[in-house]
1. Count, please, the residues in the stretch B:31-49 that happen to be surrounded by fewer than 19 Cβ atoms within 10 Å (Cβ to Cβ) and more than 10 Å from DNA strand D (Cβ to nearest atom).
2. Identify the single condition in (1) surrounded by 14 or more Cβ atoms within 10 Å (Cβ to Cβ); (2) at pLDDT below 90; (3) in the same structural domain as residue B:161 (by the TED database) that residue B:22 does not satisfy, given that it satisfies every other one.
3. Can you spot a residue in the stretch A:167-175 that is in contact with a strand residue (DSSP E or B) (Cβ under 8 Å, 6 or more places away or on another chain), touching a residue at least 60 places away in the same chain (Cβ under 8 Å), within 12 Å of chain B (Cβ to nearest Cβ) and crowded, with 18+ Cβ neighbours inside 10 Å?
4. Would you call residue A:90 within 16 Å of DNA strand C (Cβ to nearest atom), closer than 24 Å to residue A:166 by Cα, away from chain B (no Cβ under 14 Å) and at pLDDT 75 or above?
5. Just to be sure before I move on: is residue B:28 free of Cβ contacts under 8 Å to residues at least 40 places away in the same chain and either within 14 Å of DNA strand D (Cβ to nearest atom) or more than 25 Å from residue B:124 (Cα to Cα) (or both) in the structure I sent?
6. Which one of B:192, B:135, B:148, B:204 is part of a loop (DSSP other than H, G, I, E, B) and more than 8 Å from chain A (Cβ to nearest Cβ)?
7. Among the residues of the stretch B:115-152, write down those that are within 18 Å of the chain's Cα centre (by Cα) and without any contact (Cβ under 8 Å) to a residue 12 or more places away in the chain.
8. Condition first: surrounded by 15 or more Cβ atoms within 10 Å (Cβ to Cβ), away from chain A (no Cβ under 14 Å) and near DNA strand C (Cβ under 9 Å from one of its atoms). Can you find one or more residues in the stretch B:50-59 that meet it?
DNA sequence: CAAAATTAATCAAACGATTGATTAGTGAAA
DNA sequence: TTTCACTAATCAATCGTTTGATTAATTTTG
């Protein structure tokens with residue numbers, strides 16, 4: 001049936017996404033991917049043409065969900081600039097677990113500048129998120145809610161960089177935090193709220209005029 | 001001669017560092033490295049034992065000098081905790097940006113969670129630097145110079161994460177900053193001092209009791 | 001409807017190429 | 001002579017991909 005075929009392709013993409021993110025594009029062999037997915041090796045070429053075609057298919061599938069998620073960010077006029085940014089932070093931290101495999105995959109392959117033009121495509125997708133955040137911060141700057149002399153690009157780097165550091169290098173951050181962050185329960189109940197609280201307090205101390213460190 | 005041998009090994013390490021950075025650990029073959037370095041393939045195994053040995057040799061060469069630098073700062077009793085941390089930031093920004101292709105190399109390989117043998121060794125070496133920074137922050141916490149309720153692991157994540165984000169994704173950060181950050185002149189004269197200023201003000205606002213945001 | 005023809009899905013096996021590593025041997029220096 | 005730096009040739013293993021054959025499903029035909 002058609003349905004079964006789609007399910008199977010989807011299953012292969014799920015597995016391939018995980019294996020690629022664990023081992024990298026070169027490190028993940030077609031044999032490993034196919035055996036972990038429980039399909040014959042030739043199926044990868046049959047469905048996706050090549051290893052690179054498989055890799056691209058993973059991205060194609062993700063693009064749409066990214067776009068739709070973004071539409072709900074920053075368009076609410078009833079909130080202050082800071083509240084918007086705070087909501088932004090909560091939103092991204094919340095999505096850490098769901099997409100952490102994919103985020104790692106992106107962040108690794110985007111650094112392979114010599115390899116292919118795919119990185120331009122990745123950049124384009126990610127920049128949509130960045131511009132959304134920047135718009136909010138600029139809004140807070142212009143409205144006088146934030147300090148005049150803040151460095152917006154650097155704030156963005158801190159927002160995404162801090163989160164990326166924690167989820168992309170779990171071996172490091174587990175040692176730093178003192179607990180295995182790959183433990184789902186710990187991540188959900190401890191690390192996520194802790195990261196939200198920290199990020200908001202950190203950026204508020206840097207951005208916002210009023211000094212309200214209580215709560 | 002002994003001198004010639006050391007020079008040759010150093011030359012191989014220079015070339016290998018560049019090739020690894022461009023192509024990744026898997027993507028860079030021993031044949032590519034040796035031919036680019038102008039030496040016989042077997043020399044790599046002769047000098048460094050294995051491909052992984054070569055990789056780790058690159059690592060050890062870069063990291064050891066910075067480690068001693070950090071330890072010197074940490075053990076200097078004539079400075080306040082904040083001044084120590086500020087000096088750490090300055091040195092870190094100054095140094096890591098010079099070696100940014102090496103930094104990319106590290107960050108790419110460390111995210112491959114399934115390859116324990118290689119990434120564990122990287123983590124072990126990197127953690128020495130992390131602990132050094134943590135010691136300084138803890139000192140500031142215990143001495144009362146910093147707020148009592150700061151989140152030390154998160155501060156570390158911000159320090160390393162912000163810098164990593166800028167360096168590892170130059171296509172992204174160039175768009176965010178509005179200038180090609182791979183331009184050496186811009187990096188040296190604009191971005192480096194800007195990143196230092198930002199990092200210190202950001203962390204000071206979060207960490208230190210006295211609220212001195214003027215200048 | 002049933003038989004035949006066609007297509008799609010799947011498989012084991014093997015392809016040539018490339019990988020990291022090793023060997024045996026060379027020649028010069030000590 | 002023994003040691004050392006070095007090379008060309010070669011190793012087994014693995015890579016991504018292709019193949020020819022087989023089965024399952026669908027369509028066409030009578």
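The values are calculated or read from the model by the stated rules, or taken from the named source; none is laboratory data. Predicted, not measured: the structure shown is a model, and the values here were computed from it. Glycine gets a Cβ as well: all are built from the backbone with ideal geometry, and neighbour counts include every protein chain shown.
1. Looking only at the stretch B:31-49, we keep the residues that are surrounded by fewer than 19 Cβ atoms within 10 Å (Cβ to Cβ), and these are B:31-32, B:35-36, B:38-43, B:45-47, B:49.
Those left that are additionally more than 10 Å from DNA strand D (Cβ to nearest atom): B:32, B:35-36, B:49.
So the count comes out to 4.
2. (3)
3. Quick first cut of the stretch A:167-175, residues in contact with a strand residue (DSSP E or B) (Cβ under 8 Å, 6 or more places away or on another chain) only: none.
The answer is no; no qualifying residue exists.
4. Details: within 16 Å of DNA strand C (Cβ to nearest atom): no; closer than 24 Å to residue A:166 by Cα: yes; away from chain B (no Cβ under 14 Å): yes; at pLDDT 75 or above: yes.
In short, no.
5. Numbers: free of Cβ contacts under 8 Å to residues at least 40 places away in the same chain: yes; either within 14 Å of DNA strand D (Cβ to nearest atom) or more than 25 Å from residue B:124 (Cα to Cα) (or both): no.
No: the conditions fail for residue B:28.
6. Values: B:192 fails: part of a loop (DSSP other than H, G, I, E, B); B:135 fails: part of a loop (DSSP other than H, G, I, E, B); B:204 fails: part of a loop (DSSP other than H, G, I, E, B).
Answer to the selection: B:148.
7. The answer is B:119, B:120, B:124, B:127, B:131.
8. In the first step, residues of the stretch B:50-59 are kept if they are surrounded by 15 or more Cβ atoms within 10 Å (Cβ to Cβ); the result is B:51, B:54-59.
Applying the additional criterion that residues be away from chain A (no Cβ under 14 Å) yields B:54, B:56-59.
Add one more test, that the residue is near DNA strand C (Cβ under 9 Å from one of its atoms), and what stays is B:54.
Yes, the stretch B:50-59 contains at least one residue that is surrounded by 15 or more Cβ atoms within 10 Å (Cβ to Cβ), away from chain A (no Cβ under 14 Å) and near DNA strand C (Cβ under 9 Å from one of its atoms).
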